[in-house]
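Here the structure is laid out as structure tokens; the discussion comes afterwards.
The values are calculated or read from the model by the stated rules, or taken from the named source; none is laboratory data. Model, not experiment: these values are computed from the prediction. Cβ sites come from the backbone with ideal geometry, for glycine too, and all protein chains shown count toward neighbours.
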Amino acid sequence: MTQPTVVISLDLELSWGIFDLGFDNDVVEMARWTHDIGAPRLLNHLAGNGLSATWAAVGAMMRPSLPDVSGLPDVTFPHFSKPWFSYVPKDGNELTHPEWFGARLVELIRSAKPEQEIGFHSFSHVPFGWSGMTRERAAAEYRLCAQTARELGIPTTSFVFPRNSVAYLPELRAAGFTSFRDADELPVQFASKKLTSLGMILADFVGLSPCTVETSLKEGIVSIPGSH
Ligand SMILES: [Zn+2]
């Protein structure tokens, strides 16, 4: 039994988190709001209350502009058949396109007290467990995250899978990561994924307290299940 603790993990993704499901002006505005107002405000609340969180940021978002992604093997998903970086402005930067890039935002989070942890939310927010994904792309995403971590001086401790779709754990370990956020555990277990989603909404609605979870080792990496 480990010492009980509360872990707050946040996905920091701007437009990367949603563009493949639909990309329009509302998404751009929401992502710009998150960059300029939402995330700094949340950071202030955490710091003001003496709390530390893990901010799992999309690797490409942590850069001031889009790096060379030609080494990333292509993937085509049934739900998004365009090239993955189609919408990302090739010559954009954080000033012109804060809906995609947040290097300064990450710096702001890193300079906060108490200390906040920066984790990785993949490099480009591809859904790892979805049909269309390949082992080669997964490994390349992990490698680019690890490279970004080295360049920015961030440890490769925490990884959060896009849409919590957990896959390719041995490759994650090989890239040097030591823990990941696992799928949510619910107070009540359901038979199917659809019922589980409904159950999560219902649990929020009736105010069920999240269950406590135990960490475990999966493929040599520490699994930290979500609980809410
Ligand atoms: Zn996400």
| message | Please count how many residues of the stretch 1-48 are more than 19 Å from residue 117 (Cα to Cα), within 16 Å of the ligand (Cβ to nearest atom) and not small (Gly, Ala, Ser). | response | 8
| Only one of 14, 10, 72, 66 is at positive phi and either touching a strand residue (DSSP E or B) at 6+ places or on another chain (Cβ under 8 Å) or not basic (Lys, Arg) (or both); which? | 14
| remark: Scanning the stretch 149-168 residue by residue, those among the β-branched types (Val, Ile, Thr) and either within 16 Å of the ligand (Cβ to nearest atom) or buried (at least 21 other Cβ atoms within 10 Å of the Cβ) (or both) turn out to be 160, 166
| Regarding residue 29, is this residue within 24 Å of residue 182 (Cα to Cα) and of a type in the set (D, E, K, R)? | no
| remark: Note on residue 55: of the conditions (1) part of a helix (DSSP H, G or I); (2) closer than 20 Å to residue 113 by Cα; (3) of a type in the set (Phe, Trp, Tyr), unmet is (1)
| remark: Checked the stretch 50-65 for anything over 16 Å from residue 40 (Cα atoms) and within 12 Å of the chain's Cα centre (by Cα); matches are 58, 59, 60
| message | Here is a check on your reading of the model: is residue 73 touching a residue at least 60 places away in the same chain (Cβ under 8 Å), assigned by TED's automatic domain parsing to the domain that holds residue 135 and under 18 Å from residue 135 (Cα atoms)? | response | yes
| field | Leading residue by the ranking (surrounded by the fewest Cβ atoms within 10 Å (Cβ to Cβ)) among those in the stretch 62-101 that are in contact with a Lys or Arg (Cβ under 9 Å, 6 or more places away or on another chain) and of a type in the set (Gly, Ala, Ser) | value | 71
| note | Within the stretch 108-140, restricting to residues that are touching a strand residue (DSSP E or B) at 6+ places or on another chain (Cβ under 9 Å) and outside any loop (DSSP other than H, G, I, E, B), the one that is farthest from the ligand (Cβ to nearest atom) is 110
| task | List every residue pair whose Cβ atoms lie under 8 Å apart, where the two residues are 6 or more positions apart in sequence or sit on different chains, the first residue falls within the stretch 140-163 and is of a type in the set (S, T, N, Q), and the second residue, located anywhere, is assigned to a loop (DSSP other than H, G, I, E, B) and at pLDDT below 95. | result | 148/63
| query | Just checking, which of 93, 44 is free of Cβ contacts under 8 Å to residues at least 60 places away in the same chain, polar (S, T, N, Q) and outside any loop (DSSP other than H, G, I, E, B)? | reply | 44
